[in-house]
1. For the range 68-80, give me the residue count where each residue is assigned to a helix (DSSP H, G or I) and touching a strand residue (DSSP E or B) at 6+ places or on another chain (Cβ under 9 Å).
2. Only one of Leu114, Leu101, Leu83 is surrounded by 16 or more Cβ atoms within 10 Å (Cβ to Cβ) and more than 26 Å from Phe56 (Cα to Cα). Can you tell me which?
3. Answer yes or no: is there a residue in the range 297-314 that is in contact with a Gly (Cβ under 6 Å, 6 or more places away or on another chain) and assigned to a loop (DSSP other than H, G, I, E, B).
4. Is it the case that some residue within the range 90-101 is out of contact with any Leu (no Cβ under 8 Å at 6 or more places or on another chain) and hydrophobic (A, V, I, L, M, F, W, C)?
5. Is at least one residue of the range 26-48 touching a helix residue (DSSP H, G or I) at 6+ places or on another chain (Cβ under 6 Å) and closer than 19 Å to Val271 by Cβ?
6. Within the range 87-105, count every residue that is within 21 Å of Gly284 (Cα to Cα) and in a loop (DSSP other than H, G, I, E, B).
7. What's the number of the only condition in (1) part of a loop (DSSP other than H, G, I, E, B); (2) at pLDDT 90 or above that Glu143 fails to meet?
Amino acid sequence: MHRRTQGEDGAARRDRVVRAAVEQGLVGGTESSPPLVCLLDTDGIRASAAALTSAFAAALAPGTPVLHAFAVKAAPLVPVLRLLADAGLGCEVASPGELALARAAGVSAQRTVLDSPAKTTAELREALALGVAVNADSRQELERLDTMLSRRPAGPVGVRVNPQTGAGAIDALSTATATSKFGIALRDPGAREWLVRAFVDRPWLTRLHTHSGSQGVPLPLIAEGVRELHALAEEINEAAGRRQVDTLDIGGGLPVNFASDEENPTYAQYVAALQEAVPALFDGSYGLVTEFGRSLLAKHGLVLARVEYTKTTGGRPIALTHAGVQLATRTVYAPAAWPLRILPYDAKGTPKTGPPVAQDIAGPACFAGDLLATARELPELAAGDLIAVPDTGAYFFTAHYGYNSLPRPPVHGFTTTPEVRFTLARPAQSLSDLLTEAGATHPNALL
């Protein structure tokens, strides 16, 4: 049994968890051991939630309404949503499936926000009937809402705007570019005037929403988008002659450091950047909503995978593992934007040492590009060893990609005080479940 030692750092704690996972049979190098397992640090998730809520609480005027809504797409697992709800967070959802997950986790409609650029009439009706907060994404969606609302809705309704403040380092994730598909473009000719009039004509519109952050976007650029949102709210309220807009949904998108165990930037640094760019945001004039996802979960996920075989091709050693594109889709298809660390362990879960050797870390999928790392210098891996892939708690193994019909692996939460304990959060997908998903109950449908 591995107990926590006084002064234990993050790496030592992780090593203890890996050893415990092997000893408790969650993963291993033997024929009977599972070759792959995914782990979530529940204490770490709670700590991130506390860091978020405390950073804003320290800056906001007393009594300011604030909802921190977790972006469900980052980790769509009901136990995760339940854990975060217990830590005081709500849910931001972007599909009927995500809304169903939030409800299954016991998150109330009053603590749920619906954002999506392509909401159907049925989705809007369900959200409005439940009292979920809805952020309209386009002029046409607003017009659709006009036909549906004969009276003030049960829940708040807002509009998402694109401040068009520019892209970060990853174009595909930048939501505030001049041509982003999200929101109503604020700097297009006539758009600002139209938005002000749209609010004045619709007294039931009480919120403004933006999402200017994401991986690769620096804090000053994120803050600039929020400053634009606040200025628009002030302009609308002045035109309306009253405090019509009462809540600002400032989105999320705090970047994550994937290069080391350091958590940087922090929520406190994010709040400080907002205070510098738009100090009035914190004076209590507006309620606030945030929608963080990756930054709450990424650092608290760990993949453990067995090295099944090794080979050398063209002089390059290759380790064939069970962790690949099905878990780390973004890394495999965009390795420069989404590099991951690879930590080597032997079959007993002990950190592996030795002279570094440039080697490829390959996944199990049948295409040549299924690589977690290329020419990565590590102690040379051997069949039966394990690799650990940290920082995978968001958008990695929780968003499975079904290439080669590889089944979804199990996900366990863990705590380490005093000893390491694991709790199953999602069972491994069985072959019968996979067959059902693949239409096995309708084998003759196309004959």
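The values are calculated or read from the model by the stated rules, or taken from the named source; none is laboratory data. None of the values given here were measured: they were computed from a predicted structure. For neighbour counting, all protein chains shown are included, and Cβ atoms are generated from backbone atoms with ideal geometry for every residue, glycine included.
1. Taking the range 68-80 and keeping what is assigned to a helix (DSSP H, G or I), we get 72-74, 78-80.
Restricting the remaining residues to those that are touching a strand residue (DSSP E or B) at 6+ places or on another chain (Cβ under 9 Å) gives 72-73, 78-80.
Qualifying residue count, the range 68-80: 5.
2. On the way: Leu114 fails: more than 26 Å from Phe56 (Cα to Cα); Leu83 fails: more than 26 Å from Phe56 (Cα to Cα).
When all the criteria are applied, what remains is Leu101.
3. Scanning the range 297-314, I find no residue that is in contact with a Gly (Cβ under 6 Å, 6 or more places away or on another chain) and assigned to a loop (DSSP other than H, G, I, E, B), so the answer is no.
4. Yes, the range 90-101 has at least one match.
5. Scanning the range 26-48 turns up at least one residue that is touching a helix residue (DSSP H, G or I) at 6+ places or on another chain (Cβ under 6 Å) and closer than 19 Å to Val271 by Cβ.
6. Applying the first criterion (within 21 Å of Gly284 (Cα to Cα)) to the range 87-105 yields 88-90.
The next check asks that each one be in a loop (DSSP other than H, G, I, E, B); those that pass are 88-89.
Matching residues across the range 87-105 total 2.
7. (1)
Yes/no matrix, rows are residues, columns are (1) out of contact with any helix residue (DSSP H, G or I) (no Cβ under 9 Å at 6 or more places or on another chain); (2) among the aliphatic types (A, V, I, L, M):
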{"residue": "Val271", "(1), (2)": "no, yes"}
{"residue": "Leu274", "(1), (2)": "no, yes"}
{"residue": "Ala280", "(1), (2)": "no, yes"}
{"residue": "Asp283", "(1), (2)": "yes, no"}
{"residue": "Val289", "(1), (2)": "yes, yes"}
{"residue": "Phe292", "(1), (2)": "no, no"}
{"residue": "Leu297", "(1), (2)": "no, yes"}
{"residue": "His300", "(1), (2)": "no, no"}
